[in-house]
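The values are calculated or read from the model by the stated rules, or taken from the named source; none is laboratory data. It should be emphasised that the depicted structure is a prediction, and the values quoted were computed from it without experimental measurement. All Cβ positions, glycine included, derive from the backbone under ideal geometry; neighbour counts span all protein chains shown.
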Amino acid sequence: MINFHNVQFIKSLINLEHRPQPELMEICFIGRSNVGKSSLLNALFGTRKLVKVSSTPGKTQLVNYFMVDNRFYCVDLPGYGFARLPKKEQVKWQKMIEGYLLGNDCLKKIYLLLDARHELQTIDRQMIEWLNHYGLDYSIILSKCDKISKNALNKTINDFKKNIPSVEILPFSIRNNEMIVGLKKEIARLGM
Ligand SMILES: Nc1nc2c(ncn2[C@@H]2O[C@H](COP(=O)(O)OP(=O)(O)OP(=O)(O)O)[C@@H](O)[C@H]2O)c(=O)[nH]1
Ligand SMILES: [Mg+2]
């Protein structure tokens, strides 16, 4: 069993060439700004402040490495589609995220977070197409599930399963312990 509470912040990357040592397998979390990536990590780690979160989009600006149980890295990434960021900065972040995801032999799994409450946005659809295009292994996490009814959630999950049958769909909320445990089990199954 992985002890997610045994976690250390390792480093923030500005330059993708300076990956942390030792080399370990890694998993990462991507999605629109404010979708809940950093909060999810705090929930997994059982911390409140290790990963910086904010109600304002654009909080995470670098590629942040956390080492879990001396076994693997969890990587927190900046969000995409942050409209208030100047176009040039948006493109820079997008390139950084794509650069991180491509050609990373250590990357075991990508978790794409989508807000459970909202219809798939154009930018999310583009991200899914991009992941498919490069044949990357990803699962979808529906975030903030506490904000919708059980019926609405079930409908959303079924819609996803119909539209993208090959991709695993995981419901998640930082306020739902069962879902936190469920995600930990999924990660444990990766066998890192
Ligand atoms: N109700 C509820 N709120 C959540 C949940 N997860 C995150 N939030 C809130 O959503 C806001 C954004 O959370 P972050 O974790 O900073 O989002 P992020 O995806 O890391 O955002 P960027 O770093 O800007 O890309 C914060 O106000 C969180 O408290 C959840 O499961 N339920
Ligand atoms: Mg963040």
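Restricting attention to the stretch 83-138, and to residues there that are crowded, with 18+ Cβ neighbours inside 10 Å and among the hydroxyl-bearing types (Ser, Thr, Tyr), which single residue is nearest to PHE29 (Cα to Cα)? Looking at residues that are crowded, with 18+ Cβ neighbours inside 10 Å and among the hydroxyl-bearing types (Ser, Thr, Tyr), I get TYR111. Cβ-Cβ distances below 9 Å connect the following pairs, each with a first residue in the stretch 167-187 that is at pLDDT 95 or above and more than 13 Å from ligand 1 (Cβ to nearest atom), a second residue that is among the β-branched types (Val, Ile, Thr) and not in a helix (DSSP H, G or I), and a separation of six or more residues or different chains: VAL167/ILE140; GLU168/ILE140; ILE169/ILE140; ILE169/ILE141; LYS184/ILE2; ILE187/ILE2; ILE187/ILE27; ILE187/VAL68. Each residue in the stretch 155-177 was checked for being out of contact with any Pro (no Cβ under 9 Å at 6 or more places or on another chain) and assigned to a helix (DSSP H, G or I), and 8 pass.
I'd like to check something: does the stretch 69-82 contain any residue that is surrounded by 15 or more Cβ atoms within 10 Å (Cβ to Cβ), more than 14 Å from ligand 2 (Cβ to nearest atom), of a type in the set (Ser, Thr, Tyr) and touching a residue at least 40 places away in the same chain (Cβ under 8 Å)? Yes, the stretch 69-82 has at least one match. Checked against the criterion of being within 22 Å of HIS118 (Cβ to Cβ) and among the aromatic types (Phe, Trp, Tyr), the candidates TYR80, TYR73 yield just one match: TYR80.
Hey, any hits in the stretch 139-148 for a residue that's within 15 Å of GLY36 (Cβ to Cβ), touching a Cys at 6+ places or on another chain (Cβ under 6 Å), hydrophobic (A, V, I, L, M, F, W, C) and surrounded by 18 or more Cβ atoms within 10 Å (Cβ to Cβ)? No, because not a single residue in the stretch 139-148 is within 15 Å of GLY36 (Cβ to Cβ), touching a Cys at 6+ places or on another chain (Cβ under 6 Å), hydrophobic (A, V, I, L, M, F, W, C) and surrounded by 18 or more Cβ atoms within 10 Å (Cβ to Cβ). In the set (1) more than 16 Å from ligand 1 (Cβ to nearest atom); (2) without any contact (Cβ under 8 Å) to a residue 24 or more places away in the chain; (3) under 20 Å from LYS109 (Cβ atoms), the condition left unmet by ASN163 is number (3). Among the residues of the stretch 35-59, the one identified as of a type outside the set (A, V, I, L, M), in contact with a Gly (Cβ under 7 Å, 6 or more places away or on another chain) and buried (at least 22 other Cβ atoms within 10 Å of the Cβ) is LYS37.
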